[in-house]
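Colleague: My questions will all concern the structure given below.
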Amino acid sequence: MTTVGMSDLFSTYQEDFDRLIVEVEGKLKILNNYEDSTSDLRQAIADCQKFIQQAEQNLRQMEMECRTLPASTAPHIAESMASRRTNLTELSQEFQNARTDLERKALLGQRGGRGGAFEMNGLGSGSHEHRQRLLDARNGLRQGVDQLEESRRLALETEQIGGEILGDLRSQRETILRTRHNLSDVSYNLDWARRTIANMGRRVVANKILLYSIIGVCVLAIIFIIYWKFA
């Protein structure tokens, strides 16, 4: 069920993740059934590993999308994401254990007279020590591959985070430029207002001078009239 406030993109990631988990569980059932054929087991291993990787990528996309969701959905989303992360980790570990167990049985020749459904290239025969060394070497190689895969995953996450940071910095730069432009407009408007007020002040002074001049002329005229009348 889609939670209120979730984006459509997050809901799509969530549905895809749940579908991939069902696929992984189905492949693990095949791996745990030793009676399946060699091709079925090999295909199940390849599919299971692919589905787990896709689920991991899908979960990372969900975690990134969570950052854009409303704060009101945060508690529910955090709980749901933690549960899905735990489930994926457990299934991934179960897959690693199942694959290691199958390869160990094939290398040690413990899969019965059939030679082992998962026997690879005749490795189910030979000395116990030799097969154990091969198994140890294979496990060491797998650990190295897993470490490389983890490093690759961390590098991708770092690249994504770096991209987000660059995007934020770009947005902040645009905001600063807009603010600077707005400040320039404000400064221009202040200069214009200051010039306007100065012009108004000069006009007031000029009007006062004109008014005083008119009053002076009127006073002189009155004095002249009075003088002329009584002269």
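The values are calculated or read from the model by the stated rules, or taken from the named source; none is laboratory data. Worth saying up front: this structure is predicted, and the values here are computed from it rather than measured. So basically every Cβ, Gly included, is an ideal-geometry build from the backbone, and we count neighbours across all protein chains shown.
Colleague: For residue 224, state whether it is aromatic (Phe, Trp, Tyr), modelled with pLDDT under 70, over 33 Å from the mean Cα position of the chain (by Cα) and surrounded by 10 or more Cβ atoms within 10 Å (Cβ to Cβ).
Modeller: Details: aromatic (Phe, Trp, Tyr): yes; modelled with pLDDT under 70: no; over 33 Å from the mean Cα position of the chain (by Cα): yes; surrounded by 10 or more Cβ atoms within 10 Å (Cβ to Cβ): yes.
In short, no.
Colleague: Taking the range 57-76 as the region of interest, how many residues are under 18 Å from residue 22 (Cβ atoms) and surrounded by fewer than 18 Cβ atoms within 10 Å (Cβ to Cβ)? Outline the logic, then answer.
Modeller: As a first pass, look at the range 57-76 and keep what is under 18 Å from residue 22 (Cβ atoms): 57-59, 62.
Now drop any that are not surrounded by fewer than 18 Cβ atoms within 10 Å (Cβ to Cβ), which leaves 57.
Residues in the range 57-76 being under 18 Å from residue 22 (Cβ atoms) and surrounded by fewer than 18 Cβ atoms within 10 Å (Cβ to Cβ): 1 in total.
Colleague: Do we find that residue 160 is at pLDDT 75 or above and farther than 28 Å from residue 92 by Cα in this structure? Quick ask: steps written out before the conclusion?
Modeller: On the way: at pLDDT 75 or above: yes; farther than 28 Å from residue 92 by Cα: no.
For residue 160, the condition - at pLDDT 75 or above and farther than 28 Å from residue 92 by Cα - is not met.
Colleague: Another one. Among the candidates 31, 88, single out the residue that is at pLDDT 90 or above, in contact with a helix residue (DSSP H, G or I) (Cβ under 7 Å, 6 or more places away or on another chain), under 25 Å from residue 150 (Cβ atoms) and surrounded by 15 or more Cβ atoms within 10 Å (Cβ to Cβ).
Modeller: Numbers: 31 fails: at pLDDT 90 or above.
From the options 31, 88, the qualifying one is 88.
Colleague: For residue 25, are the conditions met, namely being modelled with pLDDT of 85 or more, in a helix (DSSP H, G or I) and exposed (fewer than 13 other Cβ atoms within 10 Å of the Cβ)?
Modeller: Working: modelled with pLDDT of 85 or more: yes; in a helix (DSSP H, G or I): yes; exposed (fewer than 13 other Cβ atoms within 10 Å of the Cβ): no.
Here the answer is no, as residue 25 does not meet what is asked.
Colleague: Against the condition out of contact with any Ser or Thr (no Cβ under 7 Å at 6 or more places or on another chain), of a type in the set (A, V, I, L, M), over 22 Å from residue 164 (Cβ atoms) and in a helix (DSSP H, G or I), how does residue 88 come out, does it pass? Explain how you work it out, then say what you get.
Modeller: Working: out of contact with any Ser or Thr (no Cβ under 7 Å at 6 or more places or on another chain): yes; of a type in the set (A, V, I, L, M): yes; over 22 Å from residue 164 (Cβ atoms): yes; in a helix (DSSP H, G or I): yes.
Taking the combined requirement at face value, the residue satisfies it.
Colleague: Next question, about the same structure. Restricting attention to the range 45-75, which residues are of a type in the set (A, V, I, L, M) and modelled with pLDDT of 85 or more?
Modeller: From the range 45-75, those of a type in the set (A, V, I, L, M) are 45-46, 52, 55, 59, 62, 64, 69, 71, 74; that's our starting set.
45, 46, 52, 55, 59, 62 - these are the residues of the range 45-75 that are of a type in the set (A, V, I, L, M) and modelled with pLDDT of 85 or more.
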